[in-house]
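*Asks:* Take this structure, written in structure tokens, and hold onto it; I'll ask about it next.
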Amino acid sequence: MTDPTPTLDDQHARVVVIGAGQAGLSVAWHLQRLGLVPGTDMIVLDRAPSTGGAWQFRWQALRLGAAHRVHDLPGMHEMGLRFDDADRARPARDVVGEYYRRFEQHHDLRVRRPVQVTSVERAGSGLCVSTRGADGTATRILADVVVNASGTWGTPFVPWYPGRDVFGGRQVDTTEYRSASAFAGQDVVVVGGGTSAIGFLLELDGVARSTRWFTRRPMMWSDGSALDVESAVGAVAEQDRAARAGEVLPSIVSGTGVPVSRRIRAGLDRGVLRDEPMFQRFDEDGVVTADGEHVHADAVIWATGFRADLRHLAPLHLRTAKGGVVVADGRSEDEPRLFLAGYGPQASTIGANRAGRRIARQVMAALDAS
Ligand code: FAD
């Protein structure tokens, strides 16, 4: 089916922000403080049906603080809101969705949703942002500057292993996982060395018949000491180096190790969190380990990370031969009217907050110069 003809109402905005997660909201709030009026000067678009960025789609059992701290958005404290005070018994997706909704309303950010950005193209001295609404209506907005804050949730990464197409069981990735009950009584293989894999294994314990855990590298556990802060800084620096070099971004946890919370300690002690080297291949009803053991599996859960979701930027031809996009301090090196918030070293809630201030200032300078 072809797209309907766009409504060429030639909307113009000085800035279009793509995505209303932590990164997009942080940039929008700073731009508002610097004088841009939401809804006219600055238009924020999000394809998701509700508030919360990617958090609204996370699985039921995930609680705030289960993995890392979730930092408050700038402008939240003046509303008396803090994630540290939130009810930890509620699913993180509900808490973050509610807090972001109150934030957007309080600051009157006028996010338009659900509006999917389908492409960004060069158009004269600006950029043309093509969108599609829930009813299929296509529109175009001409912007002087675009801030892309589209996150990674739309592009889960699943590596290829021999026989993956032969395996007859179910395969789901992190974005498709809803709750352990979908795997009740089953033999489940979990793949991946990050906090999502750990969360799934702990939740599946006692619900699935069996779990086996495979990781590409042996797990590195950290105890939250000063040394770990250094390794976290090192991991962010490595993200920055890769972004500036236009390389595919490395995984953050591969550089920092996973902090051992009380829940994880209990899982380690119970033997639920015993990682094994990546299996060699699939067969029809399971996987064959590095040692040649056949492991029966009804389902495989791929908790193998994400890639930046930049598909709508394809017309700008920013991809390098190394598979990434060249981004320095939140700005595209090859398209100076494009900023990327929450990308690479900014891909955490604290990084996204910092990005907000830095990118907003650069955006204002770019607008002054245009
Ligand atoms: P997102 O929250 O993904 O927001 C991007 C937004 O862009 C979405 O709302 C999406 O709908 C929209 N969008 C995307 N493409 C388009 C398009 N083409 N058109 C229109 N809209 C579009 N970080 C922490 O600091 N602490 C944690 O505890 C933590 N836990 C995590 C747990 C999991 C399972 C995962 C996967 C990540 C976690 N992170 C955590 C990292 C976290 O995702 C980031 O910190 C932060 O929430 C990302 O914010 P963002 O704004 O960059 O992206």
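Each value in this text was obtained by applying a stated rule to the coordinates, not by laboratory testing. Predicted model only: the values in this text are computed from it and were never measured. Note that each Cβ is placed from the backbone with ideal geometry, even for glycine, and that neighbours are counted across all protein chains shown.
*Asks:* What FRET efficiency comes out for the pair residue 94/residue 155, r = Cβ-Cβ distance, R0 = 30 Å, nearest 0.05? Don't skip to the end; give the middle numbers.
*Replies:* Details: r = 25 Å, r/R0 = 0.82.
Step by step, r from the Cβ atoms, then E = 0.75.
*Asks:* What is the sum of charges around residue 355, taking Lys and Arg as +1, Asp and Glu as -1, for the other residues whose C-beta is under 14 Å from the C-beta of residue 355?
*Replies:* Numbers: positive: 331, 354, 357, 358, 361; negative: 240, 329.
Its environment carries a net charge of +3.
*Asks:* Tabulate in residue order the Karplus-calculated ³J(HN,Hα) for region 43-60, using 6.51 cos²θ - 1.76 cosθ + 1.60 with θ = phi - 60°, rounded to whole Hz; enter x for Gly and Pro.
*Replies:* 10, 9, 10, 9, 7, 6, x, 9, 7, x, x, 5, 4, 5, 9, 6, 5, 3
*Asks:* Related question: On alpha-carbon atoms, Rg over Rh for region 56-172 using Kirkwood Rh?
*Replies:* Values: Rg = 19.3 Å, Rh = 18.1 Å.
In region 56-172, Rg relative to Rh is 1.07.
*Asks:* Under the rule a/c < 1.5 gives rounded, and otherwise a/b versus b/c splits prolate from oblate, where does region 1-120 land using the Cα gyration tensor?
*Replies:* Details: a/c = 2.93, a/b = 1.49, b/c = 1.96.
Taking the square roots of the gyration eigenvalues as a ≥ b ≥ c, region 1-120 is oblate.
*Asks:* A further question follows. Determine, for 302, 221, 160, the number of other Cβ atoms within 10 Å of each Cβ, and report the residues in order from fewest to most.
*Replies:* Values: 302 24, 221 13, 160 6.
The order, fewest Cβ neighbours first, is 160, 221, 302.
*Asks:* Going by amide H atoms built from the backbone, whose H comes under 5 Å of the H on residue 221, apart from near neighbours?
*Replies:* 258
*Asks:* Between region 112-185 and region 47-66, how many Å separate their Cα centres?
*Replies:* Taking the Cα centre of region 47-66 as reference, the centre of region 112-185 is 15 Å away.
*Asks:* Still on this structure, please answer the following. Just to confirm a number: summing +1 for Lys and Arg and -1 for Asp and Glu over residues other than residue 65 whose beta-carbon lies under 9 angstrom from that of residue 65, what do you get? List each step's numbers first, then the result.
*Replies:* On the way: positive: 63, 69, 88; negative: 84.
Charge balance near residue 65 sits at +2.
*Asks:* Which residues' amide hydrogens lie under 5 Å from the amide hydrogen of residue 147, considering only partners 5 or more residues apart or on another chain, with H built in the peptide plane?
*Replies:* Here the answer is 16, 17, 18, 339, since their amide H atoms fall under 5 Å of that of residue 147.
*Asks:* For region 213-370, I need the span (max minus min coordinate) of the C-alpha atoms along each principal axis, in Å, sorted largest to smallest.
*Replies:* Between the extreme Cα coordinates on each principal axis of region 213-370 lie 63, 40, 22 Å.
*Asks:* How big is region 284-370 along each principal axis, measuring the range of its Cα positions in Å and listing the largest first?
*Replies:* 64, 29, 21
*Asks:* Can you give the net charge of the other residues whose Cβ lies under 13 Å from the Cβ of residue 202, counting K and R as +1 and D and E as -1?
*Replies:* Values: positive: 63, 262, 263, 265, 270, 274; negative: 203, 205, 269.
With Lys, Arg at +1 and Asp, Glu at -1, the net is +3.
*Asks:* Here's a follow-up. Amide H neighbours of residue 48 under 5 Å, at least 5 residues apart or on other chains, H built in the peptide plane: list them.
*Replies:* 115
*Asks:* Something else now. From the phi of every residue in region 328-343, what ³J(HN,Hα) in whole Hz does the Karplus formula 6.51 cos²θ - 1.76 cosθ + 1.60 yield, where θ is phi - 60° and glycine or proline is x?
*Replies:* For region 328-343, the Karplus curve yields 10, 6, x, 10, 5, 6, 9, 9, x, 8, 10, 10, 10, 9, x, 9 Hz.
*Asks:* Only counting other Cβ atoms within 10 Å, I'd like 42, 364 sorted with the fewest neighbours first. Before the final figure, lay out each step's value.
*Replies:* Details: 42 25, 364 18.
Least to most surrounded, the residues fall as 364, 42.
*Asks:* By what distance, in whole Å, do the Cα atoms of region 130-189 stretch along each of the three principal axes, largest value first?
*Replies:* That works out to 53, 27, 20 Å along the principal axes.
*Asks:* At 222 nm, what helix-only mean residue ellipticity would the chain give, in deg cm²/dmol to the nearest 500, using -39500 (n - 2.57) for each DSSP H run of four or more?
*Replies:* On the way: 7 runs with 91 residues, N = 370.
The helix-only estimate for the chain comes to -8000 deg cm²/dmol at 222 nm.
*Asks:* Normalised by the residues of the chain, what does the relative contact order come to in percent, with Cα pairs under 8 Å and at least six apart? Intermediate results must be reported in sequence, preceding the final value.
*Replies:* On the way: 760 pairs, mean separation 84.3, N = 370.
Normalised by residue count, the contact order of the chain is 23 percent.
*Asks:* Now, a different point. Applying the Karplus parametrisation 6.51 cos²θ - 1.76 cosθ + 1.60 with θ = phi - 60° to the phi angles of region 353-370, what ³J(HN,Hα) value in whole Hz is obtained for each residue in order, glycine and proline being reported as x?
*Replies:* 4, 4, 4, x, 5, 5, 5, 4, 5, 5, 4, 4, 5, 5, 5, 4, 7, 8
*Asks:* Kirkwood hydrodynamic radius, computed over distinct alpha-carbon pairs, for the chain: how many Å, to one decimal? Can you show the working numbers first?
*Replies:* Numbers: mean 1/r = 0.0457 Å⁻¹.
Taking the inverse mean of 1/r over all distinct Cα pairs, the chain comes out at 21.9 Å.
*Asks:* On to the next question. Calculate, in whole percent, how much of the Cα-Cα pair population of region 232-309 lies beyond 16 Å. Display every interim value, and only then the final one.
*Replies:* Working: 2073 of 3003 pairs.
For region 232-309, the fraction of Cα-Cα distances above 16 Å is 69 percent.
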